[in-house]
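Note sheet for the following structure.
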2 protein chains.
Amino acid sequence: MFFEDFQPGEARETGSVTVTKEEILAFGRQFDPQPFHVDEEAARRSPFGGLIASGWHTASLCMRLIVELLGPDSGSLGSPGIDELRWLKPVRPGDELTVHVEVLEAIPSRSKPDRGLVKLHYTMRNQGGEDVMTMIALGLVLRRERS
Amino acid sequence: MFFEDFQPGEARETGSVTVTKEEILAFGRQFDPQPFHVDEEAARRSPFGGLIASGWHTASLCMRLIVELLGPDSGSLGSPGIDELRWLKPVRPGDELTVHVEVLEAIPSRSKPDRGLVKLHYTMRNQGGEDVMTMIALGLVLRRERS
């Protein structure tokens with residue numbers, strides 16, 4: 001996927017990923033050791049009623065699905081940031097997640113003609129079709145045709 | 001840290017974390033397998049000139065520093081989302097990162113008097129004092145005094 005491949009209004013679906021209890025606990029212990037991410041018993045007594053994934057774990061799984069969609073030889077030059085991210089529903093052990101990607105904008109760079117900025121809207125859904133996370137992500141992408 | 005402890009204008013510093021090459025590679029392989037996160041040789045030839053951490057790895061390390069600052073018995077009820085996140089500088093192996101946290105707003109909940117919404121500005125800096133990431137994060141927090 002290069003800059004030319006991002007057409008505003010176009011949409012795609014990623015593959016899916018299933019998140020396990022062990023992965024939720026491991027990510028939580030490493031990066032987000034709040035009780036409802038790392039302690040099953042404390043999570044049961046929390047307002048969530050059970051273990052839930054760190055939002056950063058959910059976002060990282062979203063990234064993996066996006067990278068798999070773009071492919072290993074994409075023109076990605078990384079991302080300057082995220083304009084808005086919302087965690088809408090808890091992600092729980094066994095949830096199967098997919099991402100709907102829509103191209104919002106594709107802006108050629110003025111200073112560097114070999115690249116452009118793309119603005120993408122991600123909607124991550126669980127196996128029940130519920131939106132669990134949305135995000136507006138920015139990406140710098142090379143053109144396929146670089147003169 | 002409970003809702004009463006978040007006073008707009010107040011600021012705090014977290015502890016620090018040093019990120020290793022092995023951690024950058026492991027996170028990249030699991031969540032963000034772009035060449036400049038998982039392949040040292042390809043990273044050297046990339047515009048970054050060497051291996052850099054996935055932005056989601058950097059954000060997850062930021063979360064760990066924040067959780068350590070808030071402490072294990074905080075009133076955190078999780079986060080509805082992020083209003084703006086910017087990755088400003090690459091994070092490289094050996095970088096030592098700290099986070100400056102400033103309270104932007106603290107808004108009591110109208111519907112649930114036992115909690116409130118806090119809006120926090122994070123600035124993550126490396127050992128050279130350069131800003132590597134900024135973020136406006138939302139958090140739901142219980143009051144210490146719940147009637």
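When segment A:52-147 is described by a simple charge dipole with +1 on each Lys and Arg Cβ and -1 on each Asp and Glu Cβ, the residue from A:57, A:88, A:72 located farthest towards its positive end is A:72. Relative to the Cα centre, the charge distribution of segment A:43-147, modelled as +1 at Lys and Arg Cβ and -1 at Asp and Glu Cβ, gives a dipole magnitude of about 260 debye.
For the interface of chains B and A, what total accessible area is buried with a 1.4 Å probe, rounded to the nearest 100 Å²? It would help to have the intermediate numbers written out before the result.
Numbers: alone 8320 and 8320 Å², together 13760 Å².
Between B and A, the summed buried area is about 2900 Å².
For segment A:56-134, the list of trypsin sites (Lys or Arg not before Pro) that fall in a loop by DSSP and count at most 11 other C-beta atoms within 10 angstrom reads A:110.
Between rounded, prolate and oblate, where does segment B:26-147 land on the alpha carbon gyration tensor, with a ≥ b ≥ c its root eigenvalues, rounded for a/c under 1.5, else prolate if a/b exceeds b/c? Could you put the intermediate results ahead of the total?
Details: a/c = 2.82, a/b = 2.50, b/c = 1.13.
Here segment B:26-147 falls in the prolate category.
Tell me the angle of helix A:55-70 to the major Cα principal axis of chain A, expressed in degrees between 0 and 90 and rounded to the nearest ten. For A:55-70 against chain A, the angle is about 40 degrees. Per-residue mean of foreign Cβ neighbours for B:133-143 is 1 (Cβ atoms of other chains, 10 Å radius). When the alpha carbon gyration tensor of the protein assembly as shown is reduced to an equivalent ellipsoid, its three semi-axes come out at 32, 22, 19 angstrom, largest first. Atom-type composition of the exposed protein surface of the protein assembly as shown places 48 percent of the accessible area on carbon and sulfur (1.4 angstrom probe).
Starting from the label point of residue B:110 at 7 Å along Cα→Cβ, the same points in the other copies fall at 4.1 nm, in ascending order.
So, R0 is 45 Å and r is the distance between the beta-carbons of residue B:114 and residue B:42; what FRET efficiency does that work out to, to 0.05?
Details: r = 51 Å, r/R0 = 1.14.
So, using R0 = 45 Å, E works out to roughly 0.30.
Remark: segment A:107-116, residue by residue, has Karplus-estimated 3J(HN,Hα) of 10, x, 6, 7, 8, 10, x, 8, 8, x Hz, where x stands for each Gly or Pro and the curve is 6.51 cos²θ - 1.76 cosθ + 1.60 at θ = phi - 60°. Each copy carries a label point for residue A:94 at 7 Å from Cα toward Cβ; from one copy, the others' points are 4.8 nm away, ordered from shortest. Taking the 0 to 90 degree range and rounding to the nearest ten, how far is the long axis of helix B:21-31 tilted relative to the main principal axis of chain B, both from C-alpha atoms? Around 70 degrees separate the two axes.
The alpha carbon gyration tensor of segment A:1-57 gives principal lengths a ≥ b ≥ c with a/c of 1.5 or higher and a/b greater than b/c, which makes the shape prolate. With label points set 7 Å from Cα along Cα→Cβ, the inter-copy distances at residue A:12 are 4.2 nm, sorted shortest first. Other protein chain C-beta atoms within 10 Å of residue C-beta, averaged over A:57-64: 5.
Estimated from helices alone, the mean residue ellipticity of chain A at 222 nm is -7000 deg cm²/dmol (sum of -39500 (n - 2.57) over DSSP H runs with n ≥ 4, per residue). Our note on the geometry: Cα centres of segment A:1-29 and segment B:101-129, 28 Å apart.
The values are calculated or read from the model by the stated rules, or taken from the named source; none is laboratory data. Quantities reported herein were computed from a predicted structural model and do not represent experimental measurements. All Cβ positions, even for glycine, are placed from backbone atoms using ideal geometry, and neighbour counts span all protein chains on display. SASA here: full protein model, heavy atoms, side chains in, ligands and nucleic acids out. Shrake-Rupley method; radii C 1.70, N 1.55, O 1.52, S 1.80 Å.
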